[in-house]
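Here's the structure, in structure tokens; my notes come after.
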Amino acid sequence: MDADELLSSFRLPEVAVDTDVALQRTTRQGRTRRRRRVAVAGAVSGLLIVGLLAASLTLLDRRNDETVSAGPPPGAGVPRGPEPGDPAVWAIDPAAPPSSTDSALTASVTRLGCHGGSTGKVLRPGVTTTDTEVVLTFTVEAAGPGATFTCQGNEAVPYEIDLGGPIGGRVLVDGSCVFDGLAASTSFCEPDGVRWRAGASTDPGDGVPAENIVRDFLRFAGDPSADAVDRLPLAEEVHLGLGSELQQTRSRTQLADPAAWVIDEAQFRAYSGPFSALDVAAGATSTVVTVGEHPHCASPPVPPPDAVAHLTRVSVQPDIGNDSCLRWWTVDLYVNETGQIEAVTVDLWEP
């Protein structure tokens, strides 16, 4: 029997099939398969979502770890913005300048606007730090709406601030002079609002502190004796002047005589002459010492005489507090790099 004959002789057993039942069974099996596919797809989707969330959290953790590992910026924890109030400027006290290793300093804060000579309460300052600078922005208690005050220059109020870390080689900057500060266009911010640089000193020259030079000058003004003039570090020749103008030159030997200090000008700043730096400063008790430019009481600084503009300007003024600028005067000593006084000028507040 060949293959064709064998296949033709093979017959499947006949089985009775209920077509309606078979169709229902097939439909149920199809539904079951679809439910299984949906369930599997849902499980897979859930796993994908969980995986994506886990990956996102891992990435955030890594980013957070990077921020923390970098360490906090210098001055972290110190408020960046000042407490709201009226604007103020500040300066370093020349009698107590900071050093690079200090993490705290005392700022002399002065209200910017007219306030009858009073600065008022100094508020919490703002601090912004970078690798190269520390910017301190001061404000003072607001004067209140509608208040009017006279303008005779406001007192300087000391305020101690902790920077949270050593100053290092960074410069200290007055924030009211930068960031579009309200003082930026005033003389208080000239030339750049920098209040302190690493390595800077209040010694005008040869390691002699400004306060010592002023002390010796005031001692001589009050008692122009031979001993007092010997203590005064005068150059061999000294220029004498009024404001930003030099008037005459005297030798060191001549200046041992108080009469040699007299400038015979008939009038200056609406005052009648003659004028003498010794007469102006004699008897001064409470004074303020500055190095560099200083306000002309409530007005911008008066420029130095051109011939001595390269020298260090050491000045002494009365501490007038809340009094009128009519009591204000300044004696400016121009000191060379060896600590000798090459020029002395007098200035007064013009009524």
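The values are calculated or read from the model by the stated rules, or taken from the named source; none is laboratory data. Small disclaimer: the values here were computed from a predicted structure and weren't measured. Cβ: placed from backbone, ideal geometry, glycine included. Neighbour counts: every protein chain shown.
Selection of the stretch 119-136 for residues being touching a residue at least 40 places away in the same chain (Cβ under 8 Å) and within 30 Å of Ser324 (Cβ to Cβ) yields Leu123, Pro125.
Restricting the stretch 334-351 to residues that are of a type in the set (S, T, N, Q) and assigned to a loop (DSSP other than H, G, I, E, B), the residue that is nearest to His296 (Cα to Cα) is Asn336. One residue stands out among those in the stretch 111-140 that are touching a strand residue (DSSP E or B) at 6+ places or on another chain (Cβ under 7 Å) and among the basic types (Lys, Arg): the one that is farthest from Gly164 (Cα to Cα), which is Arg111.
Would you point out which residue out of Ala96, Ala76, Ala143 is modelled with pLDDT of 85 or more and either in a loop (DSSP other than H, G, I, E, B) or touching a strand residue (DSSP E or B) at 6+ places or on another chain (Cβ under 8 Å) (or both)? Can you show your working first?
Numbers: Ala96 fails: modelled with pLDDT of 85 or more; Ala76 fails: modelled with pLDDT of 85 or more.
Answer to the selection: Ala143.
Restricting attention to the stretch 294-351, which residues are closer than 25 Å to Ala260 by Cα, hydroxyl-bearing (Ser, Thr, Tyr) and modelled with pLDDT under 95? The answer is Thr312, Ser315, Thr338.
Of the residues making up the stretch 79-88, those that are modelled with pLDDT of 80 or more and either within 24 Å of Pro209 (Cβ to Cβ) or surrounded by fewer than 16 Cβ atoms within 10 Å (Cβ to Cβ) (or both) are Gly81, Glu83, Pro84. Only residues that are out of contact with any helix residue (DSSP H, G or I) (no Cβ under 6 Å at 6 or more places or on another chain) and of a type in the set (A, V, I, L, M) were counted in the stretch 285-309, giving 5.
The combined condition, being within 36 Å of the chain's Cα centre (by Cα) and free of Cβ contacts under 8 Å to residues at least 60 places away in the same chain, is not fulfilled by Ser251. Annotation: of all residues in the stretch 207-234 being over 17 Å from Ser315 (Cα atoms) and hydrophobic (A, V, I, L, M, F, W, C), the one that is surrounded by the fewest Cβ atoms within 10 Å (Cβ to Cβ) is Ala226. One residue stands out among those in the stretch 284-338 that are of a type in the set (Asp, Glu) and within 26 Å of the chain's Cα centre (by Cα): the one that is surrounded by the most Cβ atoms within 10 Å (Cβ to Cβ), which is Glu293.
Of the residues making up the stretch 157-177, those that are crowded, with 20+ Cβ neighbours inside 10 Å and assigned to a loop (DSSP other than H, G, I, E, B) are Leu163, Ile167, Arg170. Does the stretch 197-213 include one or more residues that are within 19 Å of Val109 (Cα to Cα) and either at pLDDT below 90 or not in a strand (DSSP E or B) (or both)? The answer is yes, given that some residue of the stretch 197-213 is within 19 Å of Val109 (Cα to Cα) and either at pLDDT below 90 or not in a strand (DSSP E or B) (or both). Within the stretch 238-255, one or more residues are farther than 19 Å from Leu311 by Cα and touching a helix residue (DSSP H, G or I) at 6+ places or on another chain (Cβ under 7 Å). Would you be able to say whether some residue in the stretch 103-121 is outside any loop (DSSP other than H, G, I, E, B), surrounded by fewer than 19 Cβ atoms within 10 Å (Cβ to Cβ) and polar (S, T, N, Q)? So far as the stretch 103-121 goes, yes, one or more of its residues are outside any loop (DSSP other than H, G, I, E, B), surrounded by fewer than 19 Cβ atoms within 10 Å (Cβ to Cβ) and polar (S, T, N, Q).
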